[in-house]
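Q: Quick one: this structure, given as structure tokens, is what I'll be asking you about.
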Amino acid sequence: MRKNVLVFRELPDDQLARLQAAHQVTVANPRVAEQRDAFFAALPAAQGLIGSSFSIDESVLAQAPWLEVVSSISVGVDNYDLQAFRQRGIVLTHTPGVLTETTADTIFALVMASSRRIVALANLVREGRWTSNIDTSLFGWDVHGKTLGIVGFGRIGQAVARRAALGFGMPVLYSNPRAVELPELIGRMSHVSLDTLLPRADIVVSTVPLTDSTRGMMNAQRFASMKRGAIFVNGSRGAVVDETALLAALDSGQLRAAGLDVFAVEPLPLDSPLRIHPHVTALPHIGSATHETRYAMAELATSNLLQALAGQRPTCTVANHAAGSIKILGDSDRLR
Ligand code: NAP
């Protein structure tokens, strides 16, 4: 039976065609001013939604009485009111696995850029200020051999650990609710508490999901407990960090530098001090933004939606929608 599908973020043409072959499809992105009315006009009849980067809370769900499934083109599900989904019996699917390596690449690029001051030094060349050998004030800091602390040791955290330990000879400390066994990293990584990790790591990377328990987790007290002159990299969600506390830690010299792909408010407001801070390397939330990976995400999200609308079990369902305790179906249900 053809159902009503509302696409709220652009899809590759061939994936859109897969949906159109089976269902009645409306494309309207509520974040684009000219399309917002069309999105809310289509919502009351929608049975399936697919997209990302838009908050779907109780007020949106209340306008969609026929909704069966929302297919998110993301792994993070912090944009969705999980409790409201659960109460209304709406299936939520996402795209774990296919973006892991690309996001780990981005995070490692931020580690390198922050430590070696890549952006500032590249700008020096670009702006014609390379007129003599650089002096020590522009030197960077080694990455290889430094201790890396990873907060949240899931798919992406583990992929970052492999790069660090096997490629850069970095001892890895990780904090995570449970210990993880990775045969290739035996002897190179340790499961520790966050309180142990922060004072011991030279570089701290956040790869935790945003939940009630991680919101604001990197606060003034935690930055103060880090090694003086350490580097902080956030590749997860902006709201995991108290940005005012981060700025204070950078300004005081407690932190040497920060590499940030994500922010509490996105796009980053023009008046945010983080945008132009000399010790911040800021990226526009591009963790998974390569042609190959964004295509793979769209393809998986399209399959998830088609499966759910056909009454089949989607490849990647977010199960147990209790806010703050998101559990994903087992490994066999994930596309790797
Ligand atoms: P994942 O496999 O679920 O890994 C998250 C890990 O964090 C899990 O091991 C989880 O443990 C752990 N965790 C949860 N709460 C914690 C806490 N308070 N302290 C320490 N660890 C905690 O997810 P993933 O695929 O690696 O993705 C992680 C996050 O990265 C996503 O949720 C998303 O927000 C973000 N992300 C960002 C980008 C980007 O563009 N920058 C791209 C992709 C993903 P349990 O499983 O035991 O709860």
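Q: What does the charge count near residue 151 come to, summing +1 for each Lys or Arg and -1 for each Asp or Glu among other residues with Cβ under 15 Å from its Cβ?
A: Local charge sum for residue 151: +3.
Q: Still on this structure, please answer the following. Please work out the FRET efficiency for the pair residue 252 and residue 35, using the Cβ-Cβ distance as r and a Förster radius of 45 Å; give the result to the nearest 0.05.
A: Using R0 = 45 Å, I get an efficiency of 0.50.
Q: What is the set of long-range amide H partners of residue 316 at a cut-off below 5 Å, with H atoms built 1.01 Å from backbone N?
A: Those qualifying (amide H under 5 Å, at least 5 residues apart or on another chain) are 94.
Q: Still on this structure, I have one more. For the chain, with all protein chains present and a 1.4 Å probe, just round the carbon and sulfur fraction of the accessible area to a whole percent.
A: On the chain, the fraction of accessible area on carbon and sulfur atoms equals 53 percent.
Q: Rank these by accessible area, largest first, 1.4 Å probe: 132, 53, 303.
A: I get 132, 53, 303, largest accessible area first.
Q: A further question on this structure: For the chain, set up a GNM with springs between Cα atoms under 10 Å and report which of 173, 138, 110 has the largest fluctuation.
A: 138
Q: Rank-order 94-101, 123-130, 27-34 by packing density, defined as the average count of other C-beta atoms within 10 Å over each peptide's residues, highest first.
A: Peptide ranking by packing, descending: 94-101, 27-34, 123-130.
Q: Could you state the accessible area per residue of segment 100-282 in Å², with a 1.4 Å probe and every protein chain left in place?
A: Value for segment 100-282: 48 Å² per residue.
Q: Pick out which of 206, 190, 236 has the largest mean-square fluctuation in a Gaussian network model of the chain, springs linking Cα atoms closer than 10 Å.
A: Of the options given, 190 has the highest mean-square fluctuation.
Q: Right, here's the next one. Mind checking which of 39, 153, 108 has the largest fluctuation in a GNM of the chain, springs on alpha carbons under 10 Å?
A: Looking only at 39, 153, 108, the biggest GNM fluctuation is shown by 39.
Q: Please state, to two decimals, what the Cα-based radius of gyration of the chain comes to when divided by 2.2 N^0.38 Å (N = residues).
A: Compactness ratio reported: 1.06.
Q: In nm, what is the difference between 0.36 nm times the number of residues separating residue 310 and residue 83 and their Cα-Cα distance?
A: Contour length minus the Cα-Cα distance gives 79.3 nm.
Q: Continuing with the same structure: Please list 196, 136 from largest to smallest accessible area, probe radius 1.4 Å, with all protein chains kept in place.
A: 136, 196
Q: How high is the FRET efficiency from residue 291 to residue 17, r the C-beta distance, R0 30 Å, rounded to 0.05?
A: Given R0 = 30 Å and the Cβ-Cβ separation, E is 0.95.
Q: Another question, then. Dipole size in debye (nearest 20) for segment 100-282 around its Cα centre, Lys and Arg Cβ +1, Asp and Glu Cβ -1?
A: 320
Q: Working with all protein chains in place, sort 23, 191, 144 by solvent-accessible area computed with a 1.4 Å probe, largest first.
A: Of 23, 191, 144, the descending order of accessible area is 144, 191, 23.
Q: While we're on this one: Once you wrap a convex hull around the alpha carbon atoms of segment 220-278, what is its projected area averaged over all directions, in nm²?
A: With the hull built on Cα positions only, its mean projection is 3.7 nm².
Q: Separate question: Set the Förster distance to 35 Å, then compute FRET efficiency between residue 122 and residue 54 from the Cβ-Cβ distance, nearest 0.05.
A: So the FRET efficiency works out to roughly 0.55.
The values are calculated or read from the model by the stated rules, or taken from the named source; none is laboratory data. All values reported here derive from a predicted model rather than from experimental measurement. All Cβ positions, glycine included, derive from the backbone under ideal geometry; neighbour counts span all protein chains shown. Please note that ligands, DNA and RNA were not included when accessible areas were found on the heavy atoms of the full protein model with its side chains. Shrake-Rupley method; radii C 1.70, N 1.55, O 1.52, S 1.80 Å.
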